[in-house]
Amino acid sequence: MNWQDPDAAREAERYDSPIPSRTLIQTTIESRKDGLSHAELVEEYQLDQPDAIEALSRRLTAMVRDGQLIRSAGYPPLYRVATDEDLLIGRVQTNAKGFGFVVLDGQMDIFLPEREMRLVFNGDIVKVRQNGTDRRGRMTGYIVEVVEHQQRELIGKVVEHEGDYFVQPAQPNGHQPIALEPEQIANAGLKPGDSTQIAIDEWPTREEFANGHIIANLADKADSQLIIPATILDFDLPFEFSDEVLAETAKFSEPGARDRKDRIDLRDLPLVTIDGEDARDFDDAVYAEKRAGGGYRLVVAIADVSHYVKVGTALDDEAQDRGTSVYFPNHVIPMLPEALSNGLCSLKPEVDRLCMVCDIKLSRQGRVTGYEFYPSVMHSQARLTYNQVASYLNGQTDAVPDKAAVRKSLNVLFQLFQTLLTVRQERGAMEFETIETYMTFDELGAIQQILPRSRNDAHRLIEECMLLANVCASDFALKNDLPILYRNHEAPEATRVQKVRDYVRLLGFDFPEKPTQSDYQYIIEKTKDRVDATSIHAVLLRSMMQAYYGSKNLGHYGLAYDAYTHFTSPIRRYPDLLLHRAIKAFLKQKPSELEGQALATAGEHYSQTERRADEASRSVMSWLKCHYMEQHIGEEFDGTITSVTDFGLFVTLTELYVDGMLHISQLGEDYFVYDAISQSLVGQHNGQRFSLGDQVRIKVMAVHLEERKIDFGLVKQLTAQGRAVRQKAPRTQIADEVNSSSKKKTTGKPAKGGKPSKLDPAEKSKKTRKPRKKAKKSNAKPKSKE
């Protein structure tokens, strides 16, 4: 060895033929500004033995893997020492199979293999360094630091493995278990299979599991009772108000003369709320009248949350943190304490309430000719429901209270609504054919039924009123240069548009490269009466971008507005509250609360809290549907193909509105190829085709609660491209092979066209990692590691 290596002694102990240590390699490369290649390092260290040269190559690869070096993409690749400038910060998104990704803003996600995922849980913020690409061309990463852990508590089931005890998280992205001491299990009276809530005490490493302690024994709770609490913890949703927040809220009282000062008094105006039967917080009220000389006056009154929630208070800090209310079936996590959300801020009937008003003047043709914003006090004349108002508009006069002024306002509202529909059509706003569902539950929280939610003219009437108020608010902000958060929805990307073009061309329609909203609406109108309308509209919807909050106005493509914002729901959305404050500040000629970069950062935060709430709600809904379908395993149902992929079909059941996967291996003996343009799987030998919108009869084969997945087997194809299929067309024996298919899965043997079953990620981790060994004292620290 003819080099000076600071770690020479250690290398000599470990290897018969030592090569340069990592420390020496880093020092050598640091001395060269442009980096060094493998060949240059071989020459530098005068290595001549093939084994040594190969060992150096393996060491360089390991150093890149471990984030110590960066390897260039050119040839020959050059190695340089990794620096802080190479670090990227993102949020971890886990997969139940054990791998994950670091999601980065404006960049491609970085793939994390199982070894890296040992350090983190879903949602953690990490600093990561790219260290190469995998066989699929994905950027891979090395976690340098966990900046912030999202979860500190979780709910899961106790599992035992070779004498060690763990809690396996209940969520689909709970990829790794948490170790518990046997004494804890015994003291809590738990046994394998029981549910428990734990807190994490020590975070995991690449060699050892996380450790935790038990908070609650939940063995007596049904899974359906635990899914919402487990999801709340999994998504780190704030769900309890602090004593300080509740103390601030308790100081508020019913509005009096002092609160009404400097407000326009609308208490004599027959304003009413129109909401669902189960609504508890009423944040908007409406009134309409005909104007002398023609046209309309529309008054949209919105709860004045800003009167109570002041900047700098614990109440405001909590509302900012939550960002939005979160809605689960039969349960709501409100943004504001119930004393406000369902009490003082709720526009209940027959009580005075403070509000912010958008007072709009419209022409006979429904065009806005003027508007005014002002703080007010109101007194709702009635709490009406959508069904009540719909029945009244259909001629059932006794469906609403016998108050002449209220009924007169409803009549004008309906006339205005019909006028606004014409304006909407002229604007080209999109109206997709979608089916919303709701669930009924038993006393344990399990689903009894999944039913379609009807949408009547009363729903659409209120929607148009809210849209008008939001558009007027954005126009007011633009004209007066108010710093607010706009609700932006950008035009679809070219690649997404091309997929729509290819697909609708097969339906006989042309579609431009840069479509307007009217182009989308044209396809919607022309296909809305087809049996596969929902599937066609799903293709159009999937091409849309995600709406978000931003400090710069970029318009709202879907609604066909040049500018749009949120004004009408400050009880459940913080951006609406920000807007109310900005308008009030302008009216009082005072500076706004947020401007510049602080406002842009706020937009990112509230976009993120909105996505978090939506994902949590979808997770619970998916679990409940899977739980419901467990009682239907082996039964047959008709369904519609709603999505086609290269690995199979997603089918929505006609009567139950539940989605499941019909894997390509379940389609029969043929070899099926995915046709992306026609959204079809096509058999190469007998020509059988499964396309978007086709009807199939399936059998429920299996339900995977943890993964929120349902597996279907094909019984027969009912229609193909809208036409009935002969009985003998489906070439499959799935209907008679339920039991044999189950046996194949449990033994790990692949079904025809399928893949062998894999070891559960938690089991795999247990074979390569171990729980920390703790001393008997509860405050003992883990032993130091080499």
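Overview of results
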| quantity | calculated |
| --- | --- |
| Cβ-based charge dipole, the chain, positive-most Cα from Gln546, Val102, Thr422 | Thr422 |
| Spin-label pair Tyr671/Asp66, simplified geometry with 7 Å Cα→Cβ offset, distance in nm | 4.6 |
| CD proxy at 222 nm, helix term only [per DSSP H run n ≥ 4: -39500 (n - 2.57); per residue of the chain; nearest 500] | -9500 deg cm²/dmol |
| Segment 559-603 residues near the modelled Ile264 label - backbone nitrogen below 12 Å, point 7 Å along Cα→Cβ | none |
| Sites matching GluC sites (Glu not before Pro) across segment 232-323 that sit in DSSP coil, with at most 12 neighbouring C-beta atoms within 10 Å | Glu240, Glu277 |
| Relative frequency of Cα-Cα separations exceeding 14 Å in segment 8-81, percent | 59 |
| Sorted peptide list for 45-55, 643-653, criterion being average Cβ within 10 angstrom, highest first | 643-653, 45-55 |
| 18 Å tail of the calculated P(r), segment 136-202, as % of Cα pairs | 45 |
| Potential lengthening between Ala219 and Glu207 on full extension [0.36 nm per residue; Cα-Cα distance subtracted] | 1.3 nm |
| Calculated log₁₀ intensity ratio I(q)/I(0) where the Debye formula runs over C-alpha points of the chain, q = 0.08, 0.10 Å⁻¹ | -0.87, -1.27 |
| Nearest 10 degrees, 0 to 90: helix 738-747 Cα axis against the chain principal axis | 40 |
| Simple spin-label estimate for Arg505 and Glu615 in nanometres, 7 Å along Cα-Cβ | 3.6 |
| Share antiparallel - DSSP beta bridges, segment 153-234, percent rounded to 5 | 90 |
| Given charges at beta-carbon only (K, R positive; D, E negative), |dipole| of segment 404-529 in Debye | 280 |
| Glu463/Val103 FRET efficiency (R0 22 Å; Cβ-Cβ; nearest 0.05) | 0.10 |
| Among 690-699, 373-382, the order from most to least packed when residues are scored by Cβ within 10 Å on average | 690-699, 373-382 |
| Radius of gyration and Dmax over the Cα atoms of segment 144-294, both given in Å | 25.4, 85 |
| Gained length - Arg364 relative to Gln415, 0.36 nm times residue gap less alpha-carbon distance | 17.4 nm |
| Residue-span extension gain [Tyr374 to Arg136] - 0.36 nm each, minus C-alpha spacing | 79.9 nm |
| Most to least packed among 253-261, 340-348 [average Cβ atoms within 10 Å] | 340-348, 253-261 |
| Dimensionless Rg/Rh of segment 502-629 - Kirkwood Rh, Rg from C-alpha atoms | 1.08 |
| Interatomic Cα distance distribution for segment 84-148, bins of 5 angstrom, percent | 4, 20, 35, 28, 11, 2, 0 |
| Residues listed by number, segment 100-141, amide nitrogen under 15 Å from Tyr75 label point at 7 Å toward C-beta | none |
| Among the listed pairs Lys552/Lys590; Lys290/Lys403; Lys348/Lys590; Lys251/Lys588; Lys361/Lys408, those beyond 28 Å (Cα-Cα) | Lys348/Lys590 |
| Using a Förster distance of 35 Å, the FRET efficiency for Ala186-Arg152 (Cβ separation, nearest 0.05) | 0.90 |
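Values quoted throughout were computed directly from the atomic coordinates according to the rules given, and no laboratory measurement underlies them. Because the structure is predicted, anything quoted here is derived from the model rather than measured. Ideal geometry is used to build each Cβ from the backbone, glycine not excepted, and the neighbour counts take in all protein chains shown.
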